[in-house]
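Participant: Let me begin by handing over the structure; questions about it come next.
Read-outs throughout are calculated quantities, based only on the coordinates presented, and are distinct from any laboratory measurement. Because the structure is a prediction, the values reported are computed rather than measured. Backbone-built Cβ (ideal geometry, glycine too); neighbour counts: all protein chains shown.
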Amino acid sequence: MASYKQVLEKGKKLTRKHNKETSATELLLLHFSKLEPTDLYLKFDDKMPETEANAFYEGLNLYLDKNIPVQQIIGSVYFYGHKFKVSNQALIPRFETEELVANVLILYDEYFEKQKVSLVDVGTGSGCLAIALAKEEPNFNVTATDISNEALDLAKENAELLGVDIDFYQGDMIQPILGQKFDILVSNPPYIPTNEEVDTLILDNEPHIALFGGVDGLFFYRQIIKDSKKILKDKAIIAFEHAYDKLDELQAIARETYPNAKISTVKDMQNLDRMTFIIIGF
Ligand code: GLN
């Protein structure tokens, strides 16, 4: 039997041979050892049980040879401190999107000052935005939509696992919630331009319906902004994640529909223009 350390080193060596990320190898070892990070390092020189080591190598093989994302092999990912179930039916929650959660919370404090508000997440996918926001702020009454029934099933499961109550609707963007009114609209719509080259790890494993946003990647922003007038209150906030190189075009689209709004863009931790906020009626 090999030690945890030896198994990890062997896994990393294989991973490097495939020119892939050794951080994924570490995550897989943690998962298949069923140990907390601190315990794993305390037990580093202990023998790793054979069945667990075999499961680790099988998992690693899925990543290295079948090009499956580590989050899908493990079946979960941490997002805003909560463990979300992951499948190939919705986008895997990304780090950038955690920053959208943080910024929405800041804007809520600034503009709504602890009032109860209704918030909708348009195109919720795994549910990560809607659920993290509901967990963080009890004053949010949260609704979420998605066109994909499979994604909605995953989002509902995540809401249940994390113990939050969200109204889910199936349908295209805001279509299923016409007739309702909201204070905050958040969305991380599909935004990759149709002809952009995408890493095969993403392209082969995540639903294209959740990735591609028309020739210029802005199709869904146009649609959401135009239709948002029908579902937003007079004072409202729209919060978008977007491609880092679409800031000017997106602001111009927002300006057409909301000429008097305060529009601001915030950079993500990689210093890329990643989130835009449209603050209406304040
Ligand atoms: N940020 C994602 C990626 O580049 C795309 C997310 C999206 O289209 N909303 O893989």
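Participant: Two-decimal Rg/Rh of segment 133-184 from alpha-carbon positions, Kirkwood Rh? Please report the intermediate quantities before stating the final value.
Facilitator: Numbers: Rg = 11.3 Å, Rh = 11.7 Å.
Computed over Cα atoms, the ratio is 0.97.
Participant: Follow-up. Under unit Cβ charges (Lys, Arg +1; Asp, Glu -1), what dipole magnitude, rounded to 20 debye, does the chain have relative to its Cα centre?
Facilitator: Numbers: 30 positive and 44 negative charges, 30 e Å.
Rounded to the nearest 20 debye, it is 140 debye.
Participant: Okay, moving on. How far apart, in nm, are the 7 Å Cα→Cβ label points at N19 and K235?
Facilitator: 5.5
Participant: Could you pull out every one of the lysines with an alpha carbon less than 25 Å from that of K226, ignoring same-chain neighbours closer than 8 positions?
Facilitator: Reachable lysines: K181, K235, K246, K262, K267.
Participant: Please give every one of the aspartates and glutamates within straight-line cross-link reach of K230, meaning a C-alpha to C-alpha distance under 20 Å, and leave out same-chain neighbours fewer than 8 residues apart.
Facilitator: Cross-link targets: D121, D146, D167, D172, D183, E256.
Participant: Could you calculate the FRET efficiency of K83 with L42 from 1/(1 + (r/R0)^6), where r is the beta carbon distance between them and R0 is 22 Å, rounded to 0.05?
Facilitator: Efficiency, from the Cβ-Cβ distance: 0.45.
Participant: For an R0 of 35 angstrom, estimate the FRET efficiency from the Cβ-Cβ distance between D204 and A2 and round to the nearest 0.05. Could you put the intermediate results ahead of the total?
Facilitator: On the way: r = 31 Å, r/R0 = 0.90.
Efficiency for this residue pair is about 0.65.
Participant: If I model a spin label at K66 and I106 as a point 7 Å from the Cα along the Cα→Cβ vector, what separation in nanometres do I get?
Facilitator: It is 4.1 nm.
Participant: Something else now. Rounded if a/c is under 1.5, else prolate if a/b is larger than b/c, else oblate: which is segment 154-228, with a ≥ b ≥ c the root eigenvalues of its Cα gyration tensor? Mind dumping the intermediate values first?
Facilitator: Working: a/c = 2.87, a/b = 1.29, b/c = 2.24.
Oblate is the answer for segment 154-228, as a/c is 1.5 or above yet b/c matches or exceeds a/b.
Participant: Roughly what would the spin-label model give for Y244 and K181, points 7 Å off Cα along C-beta, in nm?
Facilitator: Distance between the two pseudo-spin positions: 4.0 nm.
Participant: For the chain, build the convex hull from the C-alpha positions and give me its volume per residue in Å³.
Facilitator: Cα convex hull per residue, to the nearest whole number: 134 Å³.
Participant: Once you sort the root eigenvalues of the Cα gyration tensor of segment 36-93 as a ≥ b ≥ c, which label holds: rounded (a/c under 1.5), prolate (a/b larger than b/c) or oblate (the other case)?
Facilitator: Here segment 36-93 falls in the oblate category.
Participant: Shape verdict for segment 164-282, please, from the Cα gyration tensor: rounded (a/c under 1.5), prolate (a/b greater than b/c) or oblate.
Facilitator: Oblate.
Participant: Kindly give Rg over Rh for segment 1-113, based on alpha-carbon atoms, with the Kirkwood expression for the hydrodynamic radius.
Facilitator: My calculation of the ratio gives 1.10.
Participant: Just in segment 25-66: which trypsin sites (Lys or Arg not before Pro) are loop by DSSP and have at most 13 other Cβ atoms within 10 Å?
Facilitator: For trypsin sites (Lys or Arg not before Pro) across segment 25-66 that sit outside H, G, I, E and B with at most 13 neighbouring Cβ atoms in 10 Å, the list reads K34, K66.
Participant: Then there's this: Using +1 on the beta carbon of Lys and Arg, -1 on that of Asp and Glu, and nothing else charged, what's the dipole of segment 21-123 about the Cα centre, debye to 20?
Facilitator: Charge dipole, segment 21-123, about its Cα centre: 360 debye, nearest 20.
Participant: Return one number: the angle in degrees, 0 to 90 and rounded to the nearest 10, between the long axis of the Cα atoms of helix 4-17 and the longest principal axis of the Cα atoms of the chain.
Facilitator: 70
Participant: Also, quick follow-up: Cα centroids of segment 128-151 and segment 74-101: how far apart, whole angstrom?
Facilitator: Cα centroid to Cα centroid, the span is 13 Å.
Participant: What is the extension gain from E157 to A55, computed as 0.36 nm multiplied by their sequence separation minus the C-alpha to C-alpha distance, in nm to one decimal?
Facilitator: Using 0.36 nm per residue and subtracting the Cα-Cα distance, I get 34.2 nm.
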